[in-house]
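One structure is given here, and the rest of the page talks about it.
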């Protein structure tokens, strides 16, 4: 039964993608269902409940939880790069809430370097020190 619901959710997403890809793919899902009874049942139920061809809409709680996780991970990574806890918290908040700020641009650069494992020869360390001492991520400077 769990497989049925998993295939139904995959079907909903696949149908949305197929709708975007055009009719060339429309028959592929139906063809696959001929060989998979669980997929055929999921297609039938999705058509009956109106979810066939509609993308999954994340709830507000799901979006907020994902944003909070990204903010927390960003803060941890910034702290690992040598930023003080207070500045890392402010910088991570700015990256989520003030997309046009200089702080956000610097934070995204630092996090991209962290995620890619880039060794920028002291550049990131100097940038962390600059952010710490300049107050770039203080709320009064976030415009």
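A short reminder: the numbers here are calculations on the coordinates, not readings from a lab. Fair warning: this is a prediction, and the values are worked out from it, not measured in the lab. Counting neighbours? That spans all protein chains shown, and the Cβs are built from the backbone with ideal geometry, glycine included.
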Handout entry: Enumerated helices (runs of 4 or more DSSP H) restricted to the range 37-128, each holding at least 2 residues that are within 20 Å of the chain's Cα centre (by Cα) and in contact (Cβ under 8 Å) with a residue 24 or more places away in the chain
Key = 60-80, 85-97, 102-116
Handout entry: Failed item in (1) under 17 Å from the mean Cα position of the chain (by Cα); (2) touching a residue at least 24 places away in the same chain (Cβ under 8 Å), with residue 142 passing the rest
Key = (1)
